[in-house]
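Let me begin by presenting the structure, written as C-alpha cells, before commenting on it.
Just so you know, all these numbers are worked out from the coordinates, no wet-lab data involved. Because the structure is predicted, anything quoted here is derived from the model rather than measured. Note: ideal-geometry Cβ built from the backbone for every residue, glycine included; neighbour counts use all protein chains shown.
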C-alpha cells in the first residue's frame, strides 16, 4: 500500500483514539495530543499487511525518551481496511514507561532517530 494511504488510515485511527481517550490533538513532533497535562502519542497498524504479514507499531527512540520523561502515554489502534475506509478493530493505552523492552535499530533517519517495532501481541 502506498505510504499516503497508510497515513490516511493512521490519521483515521488517531481521531478514534483521541475521542475514545478524551485527548486534545495538538501534534507536536514527539506527541499527538494532550489530556490533563499528560502528553499522548498515537500508534496504529493494519491487522495484516497486503502481503499477509502481521502489522507492527513503530516507535521512535527520541520521541519515546521524551514521552517517558514527561510521564506520557501511548494509544494503540489495530485496524483493517474496509472498502475505502478504516475499521478500528481494537484499541488500548499504555504508559510510555511500561512498554515492553525493544531493540532499537536504523530506519528512523527521516526523523533523526532510531526506531523499534512492537508486534501487535506485545501490546495487546
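Some points to look at:
- Rounded FRET efficiency, nearest 0.05, which uses the C-beta distance separating residue 103 from residue 70 and R0 of 25 Å: 0.60
- As a proxy for reagent exposure, ranking 124, 76 by other Cβ atoms within 10 Å from fewest up yields 124, 76.
- Distance between the modelled labels on residue 62 and residue 50, one decimal in nanometres: 3.1 nm (7 Å Cα→Cβ projection).
- Springs between Cα atoms under 10 Å define the GNM used for the chain, and in it the highest mean-square fluctuation of 18, 44, 28 occurs at 28.
- In this label model, residue 124 and residue 34 are separated by 3.2 nm, measuring between points 7 Å along each Cα→Cβ vector.
- Choice from 106, 83, 71 with maximal GNM fluctuation in the chain (Cα, 10 Å cutoff): 83
- Straightening the chain between residue 90 and residue 27 buys 20.4 nm, computed as 0.36 nm per residue apart minus the Cα-Cα spacing.
- Projected area averaged over orientations for the chain, convex hull of C-alpha atoms, nm²: 7.4 nm²
- Among 11, 113, 93, the largest mean-square fluctuation in a Gaussian network model of the chain (Cα springs under 10 Å) belongs to 113.
- Contact order relative to length of the chain, as percent, for alpha carbon pairs under 8 angstrom and 6 or more apart: 23 percent
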